[in-house]
Amino acid sequence: MGLIATGCVRTVSGTKTAAWPLVKDRMEGRYQRPVNEVYEAAKAVITSNGVLSTEYIPHDTTNTVRALDGKVKQRTVWIRVESVDPTITQVTVQARTAGGGRDIELVHDLEKQIALQLVK
């Protein structure tokens, strides 16, 4: 008999959600672009694939960090965009199913689409 337990996990946007803990559910990419440009690319990817729910600057950060969340393919998606240094911006994409499971394939696809959006 196995033990199945869910818990709360922190999202890349700084919120918490019920989910299966201890599983990889996020991917990162770094780009030599300004924060606003990467953030706009992330917004475009979410809106072209699903519904953008929220845009915000997490409370414990400066305006060099922006976050958004939405729904894509019935998954909740969180994206964090932050400045690593004056010339490098990091984007972190995370996705979970309604039951708290991960969808790493969707995460990878969205992160790749953000990269492609930046070369347009």
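The values are calculated or read from the model by the stated rules, or taken from the named source; none is laboratory data. What you are looking at is a predicted structure, and each value in this text was computed from that prediction instead of being measured. Glycine gets a Cβ as well: all are built from the backbone with ideal geometry, and neighbour counts include every protein chain shown. Heads up: the accessible areas ignore ligands, DNA and RNA and are worked out on the full protein's heavy atoms, side chains in. Shrake-Rupley method; radii C 1.70, N 1.55, O 1.52, S 1.80 Å.
Of the listed requirements (1) part of a loop (DSSP other than H, G, I, E, B); (2) within 16 Å of GLU37 (Cβ to Cβ), GLY100 misses just one: (2).
For the range 36-50, indicate whether the set of residues that are open to solvent by less than 70 Å² (accessible area, probe 1.4 Å), assigned to a strand (DSSP E or B) and either small (Gly, Ala, Ser) or at pLDDT 95 or above (or both) is non-empty. Outline the logic, then answer.
Let us first name the residues in the range 36-50 that are open to solvent by less than 70 Å² (accessible area, probe 1.4 Å), namely 38-39, 41-46, 49-50.
Now restrict to residues that are assigned to a strand (DSSP E or B): 50.
Remaining after also requiring either small (Gly, Ala, Ser) or at pLDDT 95 or above (or both): 50.
Among the residues of the range 36-50, at least one is open to solvent by less than 70 Å² (accessible area, probe 1.4 Å), assigned to a strand (DSSP E or B) and either small (Gly, Ala, Ser) or at pLDDT 95 or above (or both), which makes the answer yes.
Filtering the range 69-88 to residues that are assigned to a strand (DSSP E or B), out of contact with any Leu (no Cβ under 6 Å at 6 or more places or on another chain) and either under 18 Å from ARG30 (Cα atoms) or open to solvent by less than 60 Å² (accessible area, probe 1.4 Å) (or both) leaves ASP69, VAL72, THR76, VAL77, TRP78, ARG80, VAL81, GLU82, SER83, VAL84, ASP85, ILE88. Across the range 89-117, which residue is most open to solvent (accessible area, probe 1.4 Å) among those that are in contact (Cβ under 8 Å) with a residue 24 or more places away in the chain and either over 18 Å from ALA67 (Cβ atoms) or aromatic (Phe, Trp, Tyr) (or both)? That would be ARG102. When ASP60, ASP25 are screened for being modelled with pLDDT under 85, open to solvent by 90 Å² or more (accessible area, probe 1.4 Å) and among the acidic types (Asp, Glu), only ASP60 passes.
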